[in-house]
Amino acid sequence: PAAKPYLSLEQLRAKYQDRDGRYANIGGVEVYYKDEGKGPAILMIHGSQSTLRTWDFIAPVLVKRGYRVIRYDMPPQGLSGPVSEQAAQTLTPATFVAGLLDHVGVDKVSCVGVSSGGTTCM
């Protein structure tokens, strides 16, 4: 049989998750996120064809400069789980982000986004 061109979610998680990553259930969707550092919070949202690893270079720099950096894999990308039909009917990108920020206990952030991540920031 021919090899499958894509890794399963379980295979992706085994290969790419690290000790700094966490999972949370937001509105019925399992999301993989990182919450690093202390200080003023910066939410970093990747574009539609990427993952939180978009920010792997700049996030540690910001943490060292005294910021709290929160970033996540926009479901169903990266290590986040699938979005059910029910969740898709009730969640918007904004309510999803609000749920994640509630989960990590943050009520004020500066938001940085690339492409569709920038739209979500707005």
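Going by what's in this entry, would SER80 be described as among the hydroxyl-bearing types (Ser, Thr, Tyr), under 21 Å from GLY99 (Cβ atoms) and either surrounded by 19 or more Cβ atoms within 10 Å (Cβ to Cβ) or modelled with pLDDT of 95 or more (or both)?
yes
Starting from residues that are polar (S, T, N, Q) and over 12 Å from ILE42 (Cα atoms), keep the ones in the stretch 108-122 and report whichever is surrounded by the fewest Cβ atoms within 10 Å (Cβ to Cβ).
Among residues in the stretch 108-122 that are polar (S, T, N, Q) and over 12 Å from ILE42 (Cα atoms), the one surrounded by the fewest Cβ atoms within 10 Å (Cβ to Cβ) is THR119.
Can you find even one residue in the stretch 11-19 that is within 10 Å of the chain's Cα centre (by Cα) and either of a type outside the set (S, T, N, Q) or surrounded by 13 or more Cβ atoms within 10 Å (Cβ to Cβ) (or both)?
Checked the stretch 11-19: no residue is within 10 Å of the chain's Cα centre (by Cα) and either of a type outside the set (S, T, N, Q) or surrounded by 13 or more Cβ atoms within 10 Å (Cβ to Cβ) (or both).
Does GLN49 meet the test of being surrounded by fewer than 16 Cβ atoms within 10 Å (Cβ to Cβ) and under 20 Å from LEU12 (Cβ atoms)?
Yes: the conditions hold for GLN49.
Any idea how many residues of the stretch 53-103 are over 15 Å from GLY27 (Cβ atoms) and touching an Asp or Glu at 6+ places or on another chain (Cβ under 6 Å)?
Adding up the residues that qualify gives 4.
Quick check on my filter: what residues within the stretch 96-107 are open to solvent by less than 70 Å² (accessible area, probe 1.4 Å) and either under 17 Å from VAL69 (Cβ atoms) or β-branched (Val, Ile, Thr) (or both)?
Across the stretch 96-107, the qualifying residues are VAL97, LEU100, LEU101, VAL104, GLY105, VAL106.
Go through (1) touching a residue at least 40 places away in the same chain (Cβ under 8 Å); (2) farther than 24 Å from TYR6 by Cα; (3) surrounded by fewer than 17 Cβ atoms within 10 Å (Cβ to Cβ) one by one and return the number of the condition GLN89 breaks.
With (1) touching a residue at least 40 places away in the same chain (Cβ under 8 Å); (2) farther than 24 Å from TYR6 by Cα; (3) surrounded by fewer than 17 Cβ atoms within 10 Å (Cβ to Cβ) applied to GLN89, the lone miss is (1).
The values are calculated or read from the model by the stated rules, or taken from the named source; none is laboratory data. Fair warning: this is a prediction, and the values are worked out from it, not measured in the lab. Cβ sites come from the backbone with ideal geometry, for glycine too, and all protein chains shown count toward neighbours. SASA here: full protein model, heavy atoms, side chains in, ligands and nucleic acids out. Shrake-Rupley method; radii C 1.70, N 1.55, O 1.52, S 1.80 Å.
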